[in-house]
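One structure is given below, encoded as structure tokens.
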Amino acid sequence: MDKVMGMRVFSAVATNRSFSDAAKKLSISKAMVSKHVQNLENSLGVRLFNRTTRKLNLT
């Protein structure tokens with residue numbers, strides 16, 4: 001996956017504090033948002049978000 005797109009997705013998720021809102025803003029599916037964030041986390045070797053079913057926070 002493209003790291004630039006991963007950074008764009010990360011920025012959108014961090015700004016909106018929501019995978020769903022980021023997906024709408026970027027016109028991609030929620031699954032693709034999740035996949036981009038997961039790939040970025042794996043390539044950096046760190047977790048970028050603390051996620052629960054109700055909250056999303058930056059680490």
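Every number here is computed from the coordinates shown, using simple stated rules; none is lab data. Please read all numbers here as calculations on a predicted model, not as lab measurements. We place every Cβ from the backbone using ideal geometry, glycine too, and count neighbours over all the protein chains shown.
Some notes on this structure:
- Of note, LEU58 satisfies the criterion of being touching a residue at least 24 places away in the same chain (Cβ under 8 Å) and exposed (fewer than 15 other Cβ atoms within 10 Å of the Cβ).
- Pairs are defined by a Cβ separation below 7 Å, a sequence spacing of at least 6 or placement on different chains, a first member in region 16-30 that is more than 15 Å from LYS55 (Cβ to Cβ), and a second member that is assigned to a loop (DSSP other than H, G, I, E, B); the pairs so defined are ALA23/SER29.
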